[in-house]
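Worksheet: the structure to be examined is printed underneath.
The values are calculated or read from the model by the stated rules, or taken from the named source; none is laboratory data. None of these values were measured; they are calculated from a predicted model. When we count neighbours, we look across all protein chains shown, and the Cβ atoms used for this are built from the backbone with ideal geometry, even at glycine.
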Amino acid sequence: MMQAQSVRDEMIDRSGRLRTAWVPVMEAVSELGHDELTRRAAALNRQMRLAAPLGAAVAGAAPPHYDPLPAPLTASEFMVLEAGVQQRARLLNLVLEDVYGPQRLLADGSLPPALIFGQPHFLRSLHTRKALAAPRLSFYAVDLVRTGERSFSVHQDHTGVISGLGHALNMRRMAAGCLPELFRAGGLRSLRPSREMMIDHLQRQADGGLVAVLSAGINARTGDINSGDMTDDALLARARGLLLVEP
């Protein structure tokens with residue numbers, strides 16, 4: 001006999017009540033009404049399609065549908081997640097520095113050598129005993145899933161390309177314009193401070209060099225084009241105010 005697995009709902013807690021962060025958002029949705037929310041959602045989807053670069057649509061493919069409702073977190077939830085992600089990033093960076101440096105984790109058996117040396121992505125030529133001026137792990141992000149009332153788990157680590165980030169940033173900006181009532185009612189924080197800090201950090205790291213988004217939509221070896229990736233790269237460059245570079 002098969003048993004149905006429990007499903008975590010971002011909006012509803014275990015007792016069937018709205019989570020605290022969702023209460024003002026859903027009150028604003030109720031005031032808008034179903035018909036007005038439907039019109040706003042249609043407007044948002046039109047704007048997202050118009051924001052895509054020309055020629056990005058895949059022939060025969062249905063356009064993506066964007067949900068206008070945000071998924072809010074409380075400040076206390078975000079603080080816990082922030083500390084956990086920072087700790088995970090520090091750990092992964094230390095492991096990376098060791099694997100390409102003194103390799104103590106391999107020597108004491110904490111990491112099986114076959115796990116590292118058997119990987120085609122391990123770049124043996126970059127091994128050095130001297131510390132680098134900048135951390136080897138220069139970029140890190142995670143996909144998170146809720147596993148309990150106050151607990152989350154990492155679904156996937158990202159140390160390079162984050163698929164969908166360009167869509168997410170533009171979606172947030174356009175949703176705030178199409179549905180300002182939800183953002184005012186929910187007290188959601190603006191992304192502008194984090195955007196400006198990220199750009200400032202990249203420019204300092206570049207030390208006068210070029211800061212741009214390198215498109216992953218084209219396979220440099222085969223020349224194959226992934227239209228979805230190219231669209232996301234273009235939207236990311238636009239959201240960050242950066243140049244888009246295609247290989």
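Here are some notes:
- In the range 7-52, the residue that is surrounded by the most Cβ atoms within 10 Å (Cβ to Cβ) out of those that are among the polar types (S, T, N, Q) and more than 29 Å from L235 (Cα to Cα) is T20.
- Residues satisfying the stated conditions in the range 96-140, i.e. under 20 Å from V161 (Cβ atoms) and of a type in the set (A, V, I, L, M): L96, L123, L126, A134, L137
- For the residues R172, R184, R146, the requirement of being farther than 21 Å from D9 by Cβ and either modelled with pLDDT of 85 or more or out of contact with any helix residue (DSSP H, G or I) (no Cβ under 8 Å at 6 or more places or on another chain) (or both) singles out R172.
- Residue within the range 117-138 that is polar (S, T, N, Q), in contact with an Asp or Glu (Cβ under 7 Å, 6 or more places away or on another chain) and at pLDDT below 90 present: no
- A176 meets all of the listed conditions (1) assigned to a loop (DSSP other than H, G, I, E, B); (2) closer than 30 Å to R40 by Cα but one, namely (1).
Here's the yes/no breakdown for (1) under 25 Å from the mean Cα position of the chain (by Cα); (2) assigned to a helix (DSSP H, G or I); (3) modelled with pLDDT under 90; (4) of a type in the set (G, A, S):
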residue	(1), (2), (3), (4)
M1	no, no, yes, no
R8	yes, no, yes, no
A21	yes, yes, yes, yes
S30	no, yes, no, yes
M48	yes, yes, yes, no
G60	no, no, yes, yes
P63	yes, no, yes, no
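- Among the candidates L132, L137, L92, residue that is surrounded by 15 or more Cβ atoms within 10 Å (Cβ to Cβ) and assigned to a loop (DSSP other than H, G, I, E, B): L137
- Among the criteria (1) within 23 Å of F183 (Cβ to Cβ); (2) of a type in the set (A, V, I, L, M, F, W, C); (3) surrounded by 13 or more Cβ atoms within 10 Å (Cβ to Cβ), the one A71 does not fulfil is (3).
- Matching residues, the range 109-129, being part of a helix (DSSP H, G or I) and either of a type outside the set (F, W, Y) or on the phi > 0 side of the Ramachandran plot (or both): P113, A114, L115, I116, R124, S125, L126
- Of all residue pairs spaced 6 or more apart or on separate chains, those with beta-carbon atoms under 8 Å, a first member in the range 14-31 that is in contact (Cβ under 8 Å) with a residue 60 or more places away in the chain and a second member that is loosely packed, with under 15 Cβ neighbours inside 10 Å and part of a helix (DSSP H, G or I) are A28/R184.
- Remark: L54 falls outside the filter, which requires a residue to be at negative phi, at pLDDT 85 or above, in a loop (DSSP other than H, G, I, E, B) and of a type in the set (A, V, I, L, M, F, W, C).
- Some residue of the range 60-80 being of a type in the set (S, T, N, Q), in contact (Cβ under 8 Å) with a residue 24 or more places away in the chain, out of contact with any Leu (no Cβ under 8 Å at 6 or more places or on another chain) and under 30 Å from E27 (Cβ atoms): yes
- Taking (1) surrounded by 15 or more Cβ atoms within 10 Å (Cβ to Cβ); (2) among the hydrophobic types (A, V, I, L, M, F, W, C); (3) in contact with a helix residue (DSSP H, G or I) (Cβ under 7 Å, 6 or more places away or on another chain); (4) closer than 30 Å to V145 by Cβ in turn, L106 satisfies each apart from (4).
- Some residue of the range 133-144 being out of contact with any His (no Cβ under 9 Å at 6 or more places or on another chain), touching a residue at least 60 places away in the same chain (Cβ under 8 Å) and not hydroxyl-bearing (S, T, Y): yes
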